[in-house]
1. Express in whole angstrom the spacing between the alpha-carbon centres of the range 12-76 and the range 335-379.
2. Can you tell me the FRET efficiency between Glu296 and Arg353 if r is taken as the Cβ-Cβ distance and R0 is 35 Å, rounded to the nearest 0.05?
3. Taking the Cα centre of the range 30-364 as the origin and placing charges on Cβ (Lys, Arg +1; Asp, Glu -1), which of Asn73, Cys301, Gly114 is farthest toward the positive end of the dipole?
4. Placing +1 at every Lys and Arg Cβ and -1 at every Asp and Glu Cβ, with all other atoms neutral, what dipole size does the chain have around its Cα centre, in debye to the nearest 20?
5. Relative to the present Cα-Cα distance, how much length would full extension add between Ser139 and Ile76 at 0.36 nm per residue of separation?
6. Hey, quick one: spin label on Asp35, modelled 7 Å out along Cα-Cβ, who in the range 360-385 has an amide N within reach, i.e. under 16 Å?
7. Hey, what do the phi angles of the range 311-316 turn into as Karplus ³J(HN,Hα) couplings, whole Hz, using 6.51/-1.76/1.60 and θ = phi - 60°, x for Gly and Pro?
8. Mind listing the long-range amide H neighbours of Asn311? Cut-off is under 5 Å, sequence gap 5 or more, other chains count too, H placed in the peptide plane at 1.01 Å from N.
Amino acid sequence: MQMDSTTTFLDKYNQSVPRYTSYPSVPFWNQERFDVAEWKFRLNKTFINQSGEVSLYIHLPFCEDLCTYCACNKRITKNHAVEGPYIEAVIKEWSFYRHLLTGPVVIKEIHLGGGTPTFFSPDHLRQLINGITEGCTVSEEHEFSVEVHPNYTTDLHLETLRALGFNRISIGVQDFDPVVQGLINRIQTFQQTAHVFQKAREMGFKGVNIDLVYGLPGQTEEGISRTLKKVEVLRPDRIAFYSYAHVPWKSKVQRRYNDEDVPQGLRKWHMYRRGRQELLEMGYQAVGMDHFARKEDKLMCAFRRGELHRNFMGYTTSSNLLMIGLGASAITDTWSAFSQNERVVEIYQDKVRNGEFPIAAGHLLSRRDMVIRRFILSLMCNDQSNIPFSELREAHIDYILDKIPLLEEDGLIQVVGDKIQLLPLGRMFVRNVVAIFDEYLLDRDMNVPIFSRAI
Ligand SMILES: C[S@@+](CC[C@H](N)C(=O)[O-])C[C@H]1O[C@@H](n2cnc3c(N)ncnc32)[C@H](O)[C@@H]1O
Ligand code: SF4
């Protein structure tokens, strides 16, 4: 694409669009129609349909230091006395679910996210996982994964997690450039990162992955290239190459640097293009929206088999439809209903102590939501819709049929019979493609920010 046409293209498509880790996206949940009794009913129904298999996401929100780019729900503190009461609350919250679920529980997945899970001492992590798995069966093919920041991860953390059955680890890097690290307040050496990486490999973690972000303040194309050269030495199984979500209206800490420091539009697009090209040259294959994996990696195999799935944790290989979120701000997805926990640690803990599910918001999916959700997921996970779009006849089909030729004209998709296939450009702008199927966006001005931009 020529520079001028690229600019026109970006002006058109670089809008504020959801990331579709859920459909409907959280800001469009219908709180008035949400009913806890119905949520419980739907949760248990999926549990029974899944023969008792569950995936757990546990949110551990504490971090010692604040990275100013971060859009996650976190609580900054150096006071480690918060650990004990928080773990107690999470175990108690799980006991509410155990009470609700009518049958033996088989744990397929546990993901510890944050915040910084390794803010917690190895003893507390052991107490947490033992408290959660007690009385449940852990599937033989379980996947236990954890997000770590190398500066706060000791060998003992890794040994403890490995002994508890953890087999996947994502190591947060973002960028090794010292200028960027200074601007985002995250000074992290290559040596420390490589140490955690090698230890995890030696201890037998099967998937050792790295998170990178493009579009960070102060970042340059050359800087990204240098970071990728260092990452290449480590040979991670998967690399997440996320677009920096600049959401200063939500994450006030992002106002600490100037807007001019943040690459946007064409500059950010070139960073993505170069990073993507170099990742492909390093032997990784693009999978989903922002992931790159080795050919033999499970994510890539699931993609080839058409079995990739997407939920609040991002892309996953598990087809499990019941994901229970524990901890402050965690989201539970029963496939036909969503709920999100209280975000503030104290409110979350108080509710749990009072014996109630700490739910702050929720949504019960209508039949129409469910059809659209399946459609959006199939495009995001398989690069093509495996459901004919005539199935959307109950939805806003006239609008969809008007938009499809425009996406075809711009080289994002091609229509084959009654199905849609993403073209290479469409894979990069998949959020924009699937947005035409999102009913909740119909009357919205796409330039009013609720979501981060596509690039
Ligand atoms: C909860 S954080 C990671 C765990 C750990 N606390 C760390 O910092 O390494 C999960 C990942 O989210 C991504 N992330 C956080 N804020 C982001 C933002 N504003 N835009 C894009 N990705 C972001 C980063 O890649 C980060 O590694
Ligand atoms: S990036 Fe990680 S360590 Fe930094 S503030 Fe966010 S959650 Fe905490």
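1. If we compute the Cα centre of each part, the gap is 6 Å.
2. 0.15
3. Value computed over the given set: Cys301.
4. That gives the chain a dipole magnitude of about 340 debye.
5. Computed gain between Ser139 and Ile76 is 19.2 nm.
6. 362-367
7. 9, 4, 8, x, 6, 9
8. Thr316
Just so you know, all these numbers are worked out from the coordinates, no wet-lab data involved. Just so it is clear, the model here is predicted, and its values are computed rather than measured. All Cβ positions, glycine included, derive from the backbone under ideal geometry; neighbour counts span all protein chains shown.
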